[in-house]
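The values are calculated or read from the model by the stated rules, or taken from the named source; none is laboratory data. Source: prediction; values computed, not measured. Cβ coordinates were reconstructed from backbone atoms using ideal geometry, including for glycine residues, and neighbour counts include every protein chain displayed.
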Amino acid sequence: MSIAGAEIKVEEKYISLFKENQGRLNIMASDVVANAREGAIKIFEDKGIPNRKVESYKYTNLNPQFEKDYTCDFEHEVFNQNLTEVFNCNVEDLEAITIYLINGWYYRKNQLPDSLPEGVLIGSFAEFSKSHPELFETHYNKYAKNEEDSLVAMNTAFAQDGFFIYVPKGVVVEKPIQIVNIMKAEESFMAFSRNLVVIEENAQAKIMVCEHTLSENRFLVNAVTEAFVDKNSVFDIYNIQNQHNLTTSISSVFVKQKEHSSVLTHNLTLHTGVTRNNIYVHMDDEHCESRIYGLYVSDKTQHVDNFSFVDHAMPNCYSEELFKGVLDDSATAAFAGKIMVRPNAQKTNAFQKNDNLLLTDNAKINTKPMLEIYADDVKCSHGATVGQLDEKSMFYLRSRGISKEEARVLLMYAFAYEAVEKIRVEAVREQIRGLVEQVFRGELNKCNSCVLCGQVSDNEFTCM
Amino acid sequence: MLEVKNLHAKIDDKEILRGINLTVKPGEVHAIMGPNGSGKSTLSSVLAGSEVFDVSEGSATFYGKNLLDMPAEDRAREGLFYSFQYPVEIPGVSMVNFMRTAVNEHRKYNGEKPYTASEFLKLMREKKKLVEIDSNLTNRSVNEGFSGGEKKKNEIFQMAMLQPKVSILDETDSGLDIDALRIVANGVNKLKSENNATVVITHYQRLLDYIVPDFVHVLYKGRIVMSAGKELALELEEKGYDWIKKQFED
């Protein structure tokens with residue numbers, strides 16, 4: 001029985017969840033993390049969960065996802081099973097430093113290679129926030145835009161653990177760092193992983209975040225990653241999403257970069273339920289270079305929304321943005337990309353493109369490239385295309401004896417190719433090439449396996 | 001081997017082919033000539049299986065099988081090759097991957113085992129040499145950024161790889177300089193045998209100096225209005241098409 005006027009707003013549920021658990025939230029976290037909560041929950045309370053009236057969430061209404069009930073793990077029930085028993089990753093081609101997160105928590109049995117370059121820190125966000133408070137005071141919650149997005153504020157309010165990576169001055173981590181986040185629960189489950197990456201001057205690191213679901217529950221993941229990339233350094237982040245249809249994944253990446261640094265972000269959404277990716281890049285110095293890429297391949301009723309904000313705050317910076325999408329069945333997607341060229345950001349080069357391939361009449365894309373330019377000596381472009389498979393190319397391939405189905409796969413792959421080739425780590429690029437082809441052939445239906453090495457866990461199930 | 005009878009085809013209710021009759025036997029070279037808009041390209045793409053045109057009447061059989069019932073890929077696998085006047089650029093599909101898929105789909109259709117990577121590469125090397133195609137063209141995406149001549153050479157290379165029974169070469173000479181023309185024609189001649197046949201569609205007699213036809217047909221307003229030996233091509237070169245147009249004006 002509901003009483004008129006007394007309907008509880010969905011936000012209330014999360015605010016009371018926060019209030020009831022405030023003590024528990026701070027068990028593991030340091031003061032820096034704890035102190036950010038009050039302000040963040042206030043923002044969340046004021047703004048609420050974004051509805052369609054919020055411009056940047058116009059095409060992705062997350063309210064139905066938040067209305068559902070989820071359990072949480074605020075006390076970090078230690079994952080007692082041996083991870084290798086449920087999840088195997090025998091990386092062959094991919095020489096990587098692999099660490100695991102379980103439900104957003106850093107897996108305590110992670111083993112780091114002995115060969116890690118000196119001074120490099122890889123580990124639990126919570127633990128390092130206590131052992132290295134100076135790094136957290138300088139960087140934590142400095143780049144995440146809580147005020148721009150209430151869901152980011154929500155993460156800041158609930159943040160407990162995730163991964164932390166620190167690469168000191170002049171150090172190059174040659175091997176890619178692979179972070180596998182596994183979602184596994186007994187019932188509907190929600191996680192707020194919070195990650196921090198600090199790359200000091202002249203340093204380099206490439207990270208891959210692989211998102212997987214290992215049990216057939218409803219999941220809501222609201223993750224935030226902040227990255228500080230100092231002078232002359234190089235940083236790549238590849239976000240590979242392969243989750244089942246009951247997953248809602250909100251992933252926000254905030255990058256702040258300094259002079260002569262080069263940053264690459266790539267969101268590869270291979271399978272999901274509802275995905276929202278936010279990418280904020282703030283070029284805070286001259287001669288920064290940033291490359292923001294994405295590839296989404298969706299079918300059935302999946303939904304993918306990519307939002308990017310590239311802030312050319314200083315002169316002489318270069319940004320290149322490319323998002324490509326292939327949508328089948330009744331899949332829907334949205335893209336919104338904003339390039340902001342501030343008044344003194346002369347000699348800016350900024351390019352943005354979003355191309356989409358719709359395979360059916362029911363697939364739908366809303367794309368919105370935006371340029372806001374306040375400087376007068378700049379070179380900027382933006383564009384968006386929506387198209388179908390090219391009939392002439394189809395006929396050409398078929399006239400050589402290639403079947404219609406095979407020709408379709410070749411052409412879809414050809415379309416996605418440009419985005420795949422943007423991957424700067426060769427081993428990852430090779431793997432992704434194969435994976436994307438599998439997706440197009442409808443052969444990738446195991447969301448519980450690690451896509452990068454193709455290992456399947458024993459309780460195999462399909463993506464539904 | 002290829003028998004076309006009273007073939008009619010239209011696009012958007014406009015009839016372009018109005019009763020074509022053509023019989024091609026193994027070992028023969030046929031040239032189809034005719035002024036612009038006479039239906040030459042329509043004829044070849046209808047035979048290749050383009051779905052742009054509707055066949056309203058007539059038949060086409062290939063070794064006794066009804067060609068018009070088959071999808072384009074089966075026509076190719078049966079041994080019909082169509083060299084495009086404007087080969088399509090397909091960025092992102094590598095030539096190697098494209099040809100390997102095509103060759104192996106042919107083999108699968110004929111109940112043969114697919115080639116292994118090394119067998120395939122060996123075949124490709126041989127054929128590249130045969131048609132004098134620049135070896136780095138095959139390292140690129142299908143026709144992407146190829147010059148006009150490279151595209152046409154690439155068509156002949158594909159023909160060499162697929163070893164068809166009947167090849168229809170649609171304006172293969174258009175846009176070629178004299179050297180490229182010679183290379184393309186040499187390729188066609190080298191692939192010629194008593195078991196296969198070639199249908200050359202062209203505007204100009206020039207190509208026929210290199211690929212010598214047994215029969216020359218003149219297509220005009222959707223019909224073959226004249227057929228003769230190779231001397232007809234020379235006559236057309238000298239007198240143009242006006243005398244034919246006058247003779248067959250409806």
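Might you let me know whether the range A:329-339 holds any residue that is more than 21 Å from the chain's Cα centre (by Cα) and surrounded by 18 or more Cβ atoms within 10 Å (Cβ to Cβ)? Within the range A:329-339 (the criterion being more than 21 Å from the chain's Cα centre (by Cα) and surrounded by 18 or more Cβ atoms within 10 Å (Cβ to Cβ)), the answer is no, since none of the residues qualifies. Determine if the range A:355-362 includes at least one residue that is out of contact with any Cys (no Cβ under 9 Å at 6 or more places or on another chain), among the hydrophobic types (A, V, I, L, M, F, W, C) and either assigned to a loop (DSSP other than H, G, I, E, B) or surrounded by fewer than 14 Cβ atoms within 10 Å (Cβ to Cβ) (or both). Yes - at least one qualifying residue is present in the range A:355-362.
The rows are residues; the columns are (1) outside any loop (DSSP other than H, G, I, E, B); (2) at pLDDT 90 or above.
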| residue | (1), (2) |
| --- | --- |
| A:E38 | yes, yes |
| A:F44 | yes, yes |
| A:R52 | no, no |
| A:N61 | no, yes |
| A:E75 | no, no |
| A:V78 | no, no |
| A:T84 | yes, no |
| A:C89 | no, no |
| A:Y100 | yes, yes |
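Mind checking whether some residue in the range B:215-223 is more than 22 Å from B:I133 (Cα to Cα), among the hydroxyl-bearing types (S, T, Y), surrounded by 17 or more Cβ atoms within 10 Å (Cβ to Cβ) and modelled with pLDDT under 95?
Yes, the range B:215-223 contains at least one residue that is more than 22 Å from B:I133 (Cα to Cα), among the hydroxyl-bearing types (S, T, Y), surrounded by 17 or more Cβ atoms within 10 Å (Cβ to Cβ) and modelled with pLDDT under 95.
If the condition is being hydrophobic (A, V, I, L, M, F, W, C), within 7 Å of chain B (Cβ to nearest Cβ) and in a helix (DSSP H, G or I), then the range A:394-410 contributes A:F395, A:L410. The set of residues in the range A:177-204 being over 21 Å from A:V281 (Cα atoms), assigned to a loop (DSSP other than H, G, I, E, B) and either in contact with a Lys or Arg (Cβ under 7 Å, 6 or more places away or on another chain) or at pLDDT 95 or above (or both) consists of A:S188, A:F192.
Count of the range A:375-427 residues, restricted to those that are touching a residue at least 24 places away in the same chain (Cβ under 8 Å), touching an Asp or Glu at 6+ places or on another chain (Cβ under 8 Å) and polar (S, T, N, Q), is 1.
Restricting attention to the range A:182-215 and to residues that are closer than 20 Å to A:H76 by Cβ and either of a type in the set (S, T, N, Q) or without any contact (Cβ under 8 Å) to a residue 12 or more places away in the chain (or both), the residue that is surrounded by the fewest Cβ atoms within 10 Å (Cβ to Cβ) turns out to be A:S188.
Looking across the range A:369-393 at every residue that is part of a helix (DSSP H, G or I) and out of contact with any helix residue (DSSP H, G or I) (no Cβ under 8 Å at 6 or more places or on another chain), the one that is farthest from the other protein chains (Cβ to nearest Cβ) is identified as A:E391.
A residue that is free of Cβ contacts under 8 Å to residues at least 24 places away in the same chain and either more than 27 Å from B:V96 (Cβ to Cβ) or surrounded by fewer than 23 Cβ atoms within 10 Å (Cβ to Cβ) (or both) occurs nowhere in the range B:164-174. State whether one or more residues within the range A:131-147 are in contact with a Ser or Thr (Cβ under 9 Å, 6 or more places away or on another chain), surrounded by fewer than 19 Cβ atoms within 10 Å (Cβ to Cβ), in contact (Cβ under 8 Å) with a residue 60 or more places away in the chain and hydrophobic (A, V, I, L, M, F, W, C). There is at least one residue in the range A:131-147 that is in contact with a Ser or Thr (Cβ under 9 Å, 6 or more places away or on another chain), surrounded by fewer than 19 Cβ atoms within 10 Å (Cβ to Cβ), in contact (Cβ under 8 Å) with a residue 60 or more places away in the chain and hydrophobic (A, V, I, L, M, F, W, C).
What helices (runs of 4 or more DSSP H) completely inside the range B:145-250 contain at least 1 residues that are among the aromatic types (F, W, Y) and farther than 28 Å from B:E57 by Cβ?
Helices (runs of 4 or more DSSP H) meeting the threshold: B:148-162, B:206-210, B:242-248.
Candidates A:R424, A:R429, A:R433: the one that is surrounded by fewer than 20 Cβ atoms within 10 Å (Cβ to Cβ), assigned to a loop (DSSP other than H, G, I, E, B) and within 23 Å of the chain's Cα centre (by Cα) is A:R424. Scanning the range A:383-421 for residues that are within 28 Å of the chain's Cα centre (by Cα) and polar (S, T, N, Q) turns up A:T385, A:Q388.
Looking at the range A:114-134, which of its residues are touching a strand residue (DSSP E or B) at 6+ places or on another chain (Cβ under 6 Å) and of a type outside the set (G, A, S)? The answer is A:V120, A:L121, A:I122, A:F125, A:F128. In this structure, does A:E286 turn out to be of a type in the set (D, E, K, R) and over 17 Å from the mean Cα position of the chain (by Cα)? Against the criterion (of a type in the set (D, E, K, R) and over 17 Å from the mean Cα position of the chain (by Cα)), A:E286 qualifies. The listed residues are B:G111, B:G148, and the only one of them that is away from every other protein chain (no Cβ under 11 Å), within 19 Å of the chain's Cα centre (by Cα) and exposed (fewer than 15 other Cβ atoms within 10 Å of the Cβ) turns out to be B:G148. Taking the range A:345-354, which residues are assigned to a loop (DSSP other than H, G, I, E, B), on the phi < 0 side of the Ramachandran plot and touching a strand residue (DSSP E or B) at 6+ places or on another chain (Cβ under 9 Å)? The answer is A:A345, A:T348. When A:A414 is tested against (1) of a type outside the set (D, E, K, R); (2) within 11 Å of another protein chain (Cβ to nearest Cβ); (3) outside any loop (DSSP other than H, G, I, E, B); (4) touching a Leu at 6+ places or on another chain (Cβ under 9 Å), exactly one condition is not met: (4). Among all positions in the range B:90-105, there is no residue which is touching a residue at least 60 places away in the same chain (Cβ under 8 Å) and closer than 21 Å to B:H30 by Cβ. When A:V436 is tested against (1) out of contact with any Asp or Glu (no Cβ under 9 Å at 6 or more places or on another chain); (2) at the interface with chain B (Cβ under 9 Å from one of its Cβ atoms); (3) among the aliphatic types (A, V, I, L, M), just one condition goes unmet, and that condition is (2).
Checking every residue in the range B:71-82 against the condition of being exposed (fewer than 15 other Cβ atoms within 10 Å of the Cβ) and not aliphatic (A, V, I, L, M) gives at least one match.
In summary, strands (runs of 3 or more DSSP E) completely within the range B:1-98 and bearing 3 or more residues that are in contact with a Leu (Cβ under 8 Å, 6 or more places away or on another chain) and more than 13 Å from every other protein chain (Cβ to nearest Cβ) occur at B:2-11, B:14-24, B:29-33, B:54-62. Each residue in the range A:345-374 was checked for being closer than 20 Å to B:S141 by Cβ and free of Cβ contacts under 8 Å to residues at least 12 places away in the same chain, and 0 pass.
Of everything listed in (1) without any contact (Cβ under 8 Å) to a residue 24 or more places away in the chain; (2) in a loop (DSSP other than H, G, I, E, B), the single unmet condition for A:E118 is (1).
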